[in-house]
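Scroll down for the structure; my scribbles are underneath it.
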Amino acid sequence: MTPKPMTPPLGIPVVYLVDDEAVVRDALAWLLRSRRLLSEGYAHAEAFEAYLATRDLVSGWPDAPSCLLLDMRMPGTSGLVLFERLVERGLTQALPVIFLTGHGDVPTAVATVKRGAFDFVEKPFSDNALVDRIEQALAQSGQAILRRRAQKLLGRALAELTEREREVMDRVIAGLANKLIADELDISVRTVEVHRARLFEKMNVRSAVELVNLLREPGT
């Protein structure tokens, strides 16, 4: 059996801060530093979008656990508009969004959670409660990144299968024994065994059960 391909380790977690008030950004940055969390601050949504334009979103940014603390109301592009753009780009699993809101924004914030925001926190906020949610958001981000990597590896493995190996795989997944597969494909049982062995090696599984479970992974 070939060893499982090594995937790069997850990078250092990053918390992105988008708030038009410098005092809020500074306070959040200090809080995160006190909990040994790295942060990057942006004064408005446009600045963060300019940063996104420098990232390789197609290849899978972010590649380190990340989350976004986003002020709901800002001059120019609002936090809500920026959030909708992130949703459209499919970024909110790997980049969970925590809204920072005033009391009057709570109904809107609740609606954004239904749209996929990770959470909302009212100002003034509890430092401990906020950091707890940030850490949970970073954990979700890390899991999303690992799932995305696993899906890419699976896609590469499937692409390496020959047409015959795919035919054998379909029948293995359906639960057919080697003899029945041989009859359906009009080949010998020994040939089925060879294709099956190569299939398992390429897919890095040891049994039909493992193969079925692998192909049942979300997003595959």
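Taking segment 39-48 as the range and being among the acidic types (Asp, Glu) and closer than 17 Å to residue 67 by Cβ as the test, only 40 passes.
Among the strands (runs of 3 or more DSSP E) confined to segment 23-134, the ones with at least 2 residues that are over 25 Å from residue 146 (Cα atoms) and of a type outside the set (Ser, Thr, Tyr) are located at 119-122. Of everything in segment 84-116, what is touching an Asp or Glu at 6+ places or on another chain (Cβ under 9 Å) and free of Cβ contacts under 8 Å to residues at least 24 places away in the same chain? Give them in sequence order. Answer for segment 84-116, where residues must be touching an Asp or Glu at 6+ places or on another chain (Cβ under 9 Å) and free of Cβ contacts under 8 Å to residues at least 24 places away in the same chain: 103, 106, 113.
Taken over segment 1-21, the criterion of being more than 19 Å from residue 126 (Cα to Cα) and modelled with pLDDT of 95 or more is satisfied by 13, 14. Look at (1) more than 29 Å from residue 94 (Cβ to Cβ); (2) among the hydrophobic types (A, V, I, L, M, F, W, C); (3) assigned to a helix (DSSP H, G or I); (4) without any contact (Cβ under 8 Å) to a residue 12 or more places away in the chain and you find that residue 176 fails only one, number (3).
So is residue 60 at positive phi and at pLDDT below 95 or not?
yes
Total residues in segment 111-138 satisfying the condition of being touching a Lys or Arg at 6+ places or on another chain (Cβ under 7 Å) and charged (D, E, K, R): the figure is 1. Please work out if residue 190 is part of a helix (DSSP H, G or I) and touching a residue at least 12 places away in the same chain (Cβ under 8 Å). Criteria not met by residue 190.
Out of 136, 151, 143, one residue alone is surrounded by fewer than 16 Cβ atoms within 10 Å (Cβ to Cβ) and under 10 Å from the mean Cα position of the chain (by Cα). It is 143.
So is residue 172 at pLDDT 90 or above, in contact with a His (Cβ under 8 Å, 6 or more places away or on another chain) and surrounded by 15 or more Cβ atoms within 10 Å (Cβ to Cβ) or not?
No.
Taking the criterion of being farther than 30 Å from residue 35 by Cβ, at pLDDT below 90 and out of contact with any Lys or Arg (no Cβ under 7 Å at 6 or more places or on another chain), the residues of segment 139-158 that qualify are 151, 152, 153, 154, 155, 156.
The values are calculated or read from the model by the stated rules, or taken from the named source; none is laboratory data. This structure is a prediction, so every number in the text was calculated from the model and none was measured. Note that each Cβ is placed from the backbone with ideal geometry, even for glycine, and that neighbours are counted across all protein chains shown.
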